[in-house]
Structures are given as structure tokens and as C-alpha cells.
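The values are calculated or read from the model by the stated rules, or taken from the named source; none is laboratory data. Just so we're clear, the structure is a prediction, and the values are computed from it rather than from any experiment. No Cβ is skipped: glycine too gets one built from the backbone with ideal geometry, and neighbour counts run over all protein chains shown. Each accessible area value is taken on the protein alone, full model and side chains, heavy atoms only, with ligands, DNA and RNA left out. Shrake-Rupley method; radii C 1.70, N 1.55, O 1.52, S 1.80 Å.
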Amino acid sequence: MPGAGTSPSRTALAAVRAVAPRILQFVFVVWATYTVTFLLIRILPGDPVLAALAVQSGDATTVDPEQLAALREEAGLAGSVLSQYLAQLGGLLTGDLGTSLATGRPVTQMISDVVPGSLAVAGLALVVGVTMSLLVGFLAYVSPWRWLRDLLVQLPPLGVAVPAFVTGLVLISVFSFTLGWFPASGARSPLSVVLPAVTLAFPVGAIFFQVFSAAIREAEGSAYVFTADVKGLSRLAIFGRHILRNAMLPSVTSIGLLVGFLAGGTAVVETVFSRDGIGRIVVAAVQARDVNVIQGVIIVVAVVYALAALLVDLSYPLLDPRLRTRGRVRPAPVVAGGLGAVAAPGEAPSGSAPSAGEEAPR
């Protein structure tokens, strides 16, 4: 029920004011990615169409000028740079990403054919990685032995230190060739997504754990955790009531960064496990110098990344009630960069932290 001095229209207006800047930021990220990618491809030396034909048929290939002009027209690479930019920007707004120079197929169709498989691997990897990080962080906090706590904290960085292709080969040897639980390659079986996702989950979980463990340490040294400890609350209760929610705010911010990491990581995993996906399309497009496919994949990845960042941004008020009452969304201060990401010191705890006038934990 709206409080005194508030109305549904004013609440809706406040929501629009909070969401509109984030949507504009989403649009700007996609537009800027398209513009930068378009310019970088155009400043590359040589003709993209001739380069693609040379890769496919050899440097000694001769092409009729009229046929070459027709290929440029078909690929959307004819005319001035400005006309190409505007034409491809208009196509982007309608979902048309051009035609592949190597296969002649629409880029949108090529990407849409493999996106479900890549999203399944990346999504499961994100869930498994975050779950492992939360479990290790919880066990490290409630452990009564310091040596075990130090050991658990040191385990996740191994996920980044060990290359993904090594992890993938070990998993194939154990769970496919030895135990026979999961297929070693392909995407015909629903179980084929497990090993690629677990392979990708190790570095994802390691990066997420660095942010989460730093947030736990910061919350652990706060006054409200000290008060709860003095009042006799168990470490399990302190973690569940006061530490987890406060530590999740900066940790959730890192999920947006992990989406970009997953987009690049799928290329290695899909190659090791012989799966069709976004990563393998990029590798094949780079080898064939297929600029339209490269540009299309980059734009799709940018859309996914910007959408993930938008959803993370909008989730802050759900994690920190103070942001709801202020009527604005303030992003959690996290330094990007995976292993170097830490929660900003001095930031006031949020969520379940007892404050002045609030009942202290019993």
C-alpha cells in the first residue's frame, strides 16, 4: 500500500527514472560496439572480399570484376564507408547482420543455429561456478580450523591457473573414456553439455570467488558481525543472516563481467569437445577472414553482455533495500579485472546488517 505522500503514478515515474538511464546505457553499449567494430574492420589493409576469396581458393585466384562487384553488393560492402555504415546499422535494427563471405548464408541464421548450444554451456558453467564459489566461501567461513580455512581459500585460484583445455582433456579421460558417464564430443546427447560446462565453470568460479571472498572478509570485520558474535550467534547464523547478503552485492556485479569471459571461453571449450557454437564460428570466420560473421558475433556478444549488465544493475534494489527507498540504483563499487576485483573498502554494509534503531541479533 503506498505510503503517505505517494501515489501509483509517482511510483511509476520514479521507476521509469531509475530504469531509463540503464536502458539508454544498454543501447549506447551496443551502438558503440557496432561502430568501433565497423571502423576497425574498415581500416584493415586490403579488400575483405578479395581476402576471403584468397583464403578460400588461394592467392592465384582470378575473379571477374563484375563478379567481384556482385559479391561486394551481396555482402553489403559496396559503396562509400558512410553508406555501408548506415545500411548495416539499419540492418542491425531489423536483425539483419549481413551475409557470410565464406558460406553465403545469412549471418543471423548462422548465429541463431548455434546460440542455444553456447548458451546452454555458458549458463550451466555460470551456475556451477557460482555455486561452487558460494559453497567454498561458506565452508571456509564456518570452518573451526584455520589450516582448513586457508586451504579452502587457496583452492579456487587453481581454476584460473590451469588452462581450460587441460581441464577438458582430464575430464574427458576420466568421465568419458574411463567411466563412460558422459560423451566426449558432439552435442547430440543432453549430457554432452555437462563436461564442457564443468570445464568452463572452474575459471568462472575462481574469478567469482575472488570478489566473494573479499566481500566476506570485509563483512567479517564489520561492527554488526562483531556484535552478533558477542551476542552468541553461531557462525552459521551469522553467515546466513548478515554476511551472505552483504557479500552478494559486489559479487553479483562481477557476474556481468563473467558473461564477457564466458563468450571468449566457449571458443576453447567448443574446440576441445568438438561442439558447434559461437566460439567455433568465430575461429572459422577469423581463419576465412569473413568480416561479416566476425562483426555479427561481436555485436551479439555485446548485446548479451549489455543485457546481463542491465539485469545486474536492476537487481541491486532487491539486494540492498536502501537503494529502493532512495528511488535510484547505485552500482556496487567493484574493480573489474577478475582476480584483481575487490569490494570497495569503507562501503557501508547493506541488506541484513543491523543499523541504528534496528533490533540487534539475538
Item to check | Stokes-Einstein D for the range 121-184, Kirkwood Rh over Cα pairs, 25 °C, 0.890 mPa s (µm²/s) | outcome: 180
Checklist outcome for this item: Classified through the alpha carbon gyration tensor (a ≥ b ≥ c as square roots of its eigenvalues; rounded if a/c is under 1.5, else prolate when a/b is larger than b/c, else oblate), the range 175-334 comes out oblate
Item to check | Point-to-point label distance, E73-S189, nm (Cα→Cβ direction, 7 Å offset) | outcome: 5.1
Item to check | Karplus 3J(HN,Hα) series, Hz, for the range 280-294 with 6.51 cos²θ - 1.76 cosθ + 1.60 (x for Gly, Pro) | outcome: 5, 4, 5, 4, 5, 5, 5, 5, 8, 6, 8, 5, 5, 5, 4
Checklist entry - So what's the gap between the Cα centers of the range 142-204 and the range 205-237, to the nearest angstrom? => result 27
Item to check | Label point distance in nm, A54-L155, each placed 7 Å from Cα along Cα→Cβ | outcome: 5.3
Checklist outcome for this item: Subtracting the Cα-Cα distance of L82 and W147 from 0.36 nm times their residue separation yields 17.1 nm
Next on the checklist: What does the charge count around S213 come to, taking other residues whose C-beta lies under 13 Å from its C-beta (Lys +1, Arg +1, Asp -1, Glu -1)?
Outcome noted: -1
Checklist outcome for this item: With all protein chains present, the range 170-272 has a carbon and sulfur share of its accessible area (1.4 Å probe) in percent of 67
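Could you give the length gained by full extension between V16 and L40, i.e. 0.36 nm per residue of separation minus their alpha carbon distance, to one decimal place?
Length gained, V16 through L40: 5.1 nm.
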Next on the checklist: For Cα pairs less than 8 Å apart in space and 6+ apart in sequence, what is the mean separation divided by the residue count of the range 1-154, i.e. the relative contact order in percent?
Outcome noted: 10
Checklist outcome for this item: Result for the range 223-300: accessible area per residue, probe 1.4 angstrom, in square angstrom, of 40
